[in-house]
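All remarks here apply to the structure that follows.
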Amino acid sequence: ASATVRNTVTDSAITEIFNEMKRLRDEKVGEDELSRIKNYLTGSFSRSLEQPGTIARFAIDVDVNDLPKDFYKMLPPPGWYEFTDYLAMWMAFGLGAIPAQEIYQRAFSAKTAASGRRGVLISSVLLFFVSLLPLIIALKGVDMNPSVLNDATGQGLIPSLVIQYTPEPVQILFFGALISAILSTSSGAMLSPATIIGENLIKPRFPSMSDGKLLIWTRISVIGVAVLSCLVAFNDSNIHRLVVASAVLLMVCLLSPLVFGLFWKRASTDGSWAAVVLGGLVWVLCDRFQTRIDPTIWGTLASMTGMMTGSLIGPIIRRRSL
């Protein structure tokens with residue numbers, strides 16, 4: 001034991017050191033204090049690996065903290081199916097957020113087509129990288145304190161880190177922001193597809209429709225999307241799977257109409273309808289029958305096929321029917 005004290009209080013410091021040593025001998029350490037010390041030592045050990053030679057010492061980290069052998073592995077195992085599963089997960093989190101409200105509103109509110117395209121590209125890139133921040137925080141948190149993995153689902157990982165390592169004012173800000181983000185995401189997840197259905201699918205097909213009727217149909221779309229969202233939510237209680245499902249549904253139904261509509265001159269309403277229906281239907285069927293290749297990939301390919309086929313064939317069929 002050691003202490004840095006003034007000369008005038010050296011005797012008192014030695015007395016207190018002996019008192020603490022006596023307490024260690026005679027009193028049992030409380031569970032809360034023991035837990036805090038374990039967390040501190042774990043975090044200190046992990047931070048010590050940031051020195052040169054960190055990569056070579058990752059094996060020590062895995063062994064001492066009893067982490068999975070592939071904890072630091074960032075790439076999938078060899079194999080075609082493993083790669084498609086890995087690709088589907090990146091597509092869900094990286095591309096699934098692109099047709100969200102934060103992206104397409106920049107295209108609809110832009111003054112010119114060029115500025116709309118630039119706004120979509122910049123915001124989608126930023127959204128892709130911002131979505132990586134929680135993943136990085138969670139990875140570093142587990143590195144500092146592997147005990148947070150005791151939650152088998154991993155759903156409370158970041159909140160647990162906030163509760164253990166931050167003061168009460170920061171906790172209030174975090175959980176307030178979390179609730180706000182949940183409410184904002186929920187409203188955006190319902191308004192985004194409902195607005196696209198009204199503005200991009202219903203209005204072009206019925207150009208003479210009044211704004212009042214269009215508003216009514218948009219509200220009906222909101223209700224329909226809300227009912228569908230509730231059915232999906234009641235079907236599963238795992239937050240991670242629900243987030244993935246919502247991102248995938250946006251991607252397989254709305255990504256193709258958004259991207260092709262912005263960058264392909266021959267994109268049409270017929271193609272958009274075909275992309276939404278075919279992409280969603282193929283994804284649901286593949287998910288139902290548990291195809292070996294992830295349903296996300298099949299749904300996205302079907303949506304792109306429907307967008308191109310509907311845009312090319314739809315006008316031809318309409319002209320022949322006149």
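At-a-glance table
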quantity	calculated
Spin-label pair LEU281/LEU127, simplified geometry with 7 Å Cα→Cβ offset, distance in nm	2.7 nm
Fewest-first ranking of LEU201, LEU135, LEU95, using other Cβ atoms within 10 Å as the exposure measure	LEU135, LEU201, LEU95
Only Lys, Arg (+1) and Asp, Glu (-1) charged, at Cβ; region 195-268 dipole about Cα centre in debye	260 debye
R0 of 51 Å, Cβ-Cβ distance LEU301-LEU34: FRET efficiency to nearest 0.05	0.40
Cross-link pairs LYS213/LYS265; LYS28/LYS69; LYS28/LYS140; LYS111/LYS265 - those with Cα-Cα distance over 23 Å	LYS213/LYS265; LYS28/LYS69; LYS28/LYS140
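Read-outs throughout are calculated quantities, based only on the coordinates presented, and are distinct from any laboratory measurement. Note that the coordinates shown come from a computational prediction; the quantities given were computed from them, not determined experimentally. Backbone-built Cβ (ideal geometry, glycine too); neighbour counts: all protein chains shown.
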